[in-house]
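Here's the structure we're looking at; comments come further down.
Taken together, the values in this text are just the output of simple stated rules run on the coordinates, not laboratory data. Since the structure is predicted, the reported quantities are computational estimates derived from the model, not experimental observations. Neighbour counts run over all protein chains shown; Cβ positions are idealised from the backbone, glycine included.
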Amino acid sequence: MNFEYTDKSLALQEKLRNFMEKEVMPEEKAYEEFTKTNLWQVYPKMEELKERARAAGLWNLFLPKSYHEFSPGLTNLEYAPLAEIMGRVLWSSEVFNCSAPDTGNMEVLAKYGSPKQQDTYLHPLLKGQIRSAFLMTEPKVASSDATNIETSIVLEGDEYVINGRKWWSSGVMHPHCNMYIVMGKTDETAARHVQQSMVLVPADNPGVKVLRPMEVYGMVDSPHGHAEVLLENVRVPKENMILGPGRGFEIAQGRLGPGRIHHCMRLIGAAQRALELMCQRVATREAFGRTLKDFSSIRQDIAKSKCEIDQARLLTLAAADKIDQKGIKGAKELISMIKIVCPQMCCDVVDRAIQAHGGLGVSQDTPLAGFWVYGRTVRIADGPDEVHMHQLGRNLVRGMMS
């Protein structure tokens, strides 16, 4: 394994760091204040930041080079450190058109979309003209097992009719959300993993009802948000089916692999910034007649955090490299491992940083509370810890016994 970054990646890292320091970080406080008091509205400077990022060549960096027509030409290993840098500010990925769920949806359309689907949705997404959402999770079933999904997609003539209820549909609340990718069942009598399909649904389609925004630890994550959505007799043209009936599970597996790399590297970026903030805090804060950095427990927390961050980074880079070399299937064990390790690592490191900051750590005056919520949420999103540990343990035993 050689995780030395290419010259191309190193140059982009330097450019991205400079952009973050000069353009994004100065807006961090203003962005947070605006989104708290202006629900479901886009930060006024967001489009300006996007234009500057595009002009700087920091645009759509996530899309792997295998998608020649649309990609800037990076491998997953080359993109991974860029995602880490973006993770230092929770909302910054949107500036570079590298934010979920659009990244996964763009990759689905680039890989599986028809020319018409690409013209209608992929090209506007690549240009940052629209946003999108991914509707899989349902309130009535354990959706970590995608075969449980109950939403029905029934062919009637030249149309599919969709009925179901979704929640935790990230991106639905964004005022620019134009399209949903909906996962449901087209054939309950088929084999277990070919019952599911994915279909494109315009956000303003008749029968689509956004019931409410969902809160994450009391936060609504404006402007993109997460929503509960009711689909009642929603009709879309037959041509809106992605790839074909029964291919939904296959698409989902391909969609989530690179996305987990992105999430994990952003979590590492958040944890790294938390550690830096912790070091700055303890170097200047005094308690009981001593600077905090002189307490053994503080030094141990810093040392453990550094070890855990670097371990998680190396594991995630290994997963990114394996995807580049062997594809999603060849990297499935490493993908499960990083999904288990990185969110918990972020929670642990950020929790230590919060403790070192005292009351300041849980306030709006640092990004630490938001970092912790992000890490804790990803322990559930894209498959909970238990599912990944179950599958990884099962596969390891099988491998040892064969």
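With the cut-off at 24 Å, report for region 7-126 the share of all Cα pairs above it, as a whole percent. Here the tail beyond 24 Å accounts for 29 percent of pairs.
Calculation over all alpha carbon pairs of region 300-402 in 5 angstrom steps from 0 returns a P(r) of 2, 13, 17, 19, 19, 12, 8, 5, 3, 1, 0 percent. With bins 20 Å wide beginning at 0, the percent of Cα pairs of the chain falling in each bin runs 26, 59, 14, 1. No disulfide-compatible partner, judged by a Cβ distance under 4.7 Å, exists for the following cysteines of the chain: CYS98, CYS177, CYS279, CYS307, CYS346, CYS347. A convex hull fitted to the Cα coordinates of region 97-164 yields 119 cubic angstrom per residue.
Listed by chain and number, the aspartates and glutamates whose C-alpha is less than 17 Å from the C-alpha of LYS306, apart from same-chain residues fewer than 8 away, are GLU84, GLU276, ASP348, ASP351.
Computed from the Kirkwood radius of its Cα pairs, the Stokes-Einstein diffusion coefficient for region 216-351 at 37 °C and 0.692 mPa s stands at 179 µm²/s. Can you give the longest stretch of the chain with no exposed loop site, where a site means GluC sites (Glu not before Pro) in a DSSP loop (not H, G, I, E or B) with at most 11 other C-beta atoms within 10 Å? Segment 216-402 is the longest. In vacuo Debye scattering of region 129-228, one point per C-alpha: log10 I(q)/I(0) at q = 0.22 Å⁻¹? Debye output, listed in q order: -1.16.
Checking the Cα-Cα distances for LYS50/LYS209; LYS166/LYS332; LYS36/LYS127; LYS111/LYS185; LYS65/LYS166; LYS140/LYS209 against a 24 Å cut-off, the pairs over it are LYS50/LYS209; LYS166/LYS332; LYS36/LYS127; LYS65/LYS166.
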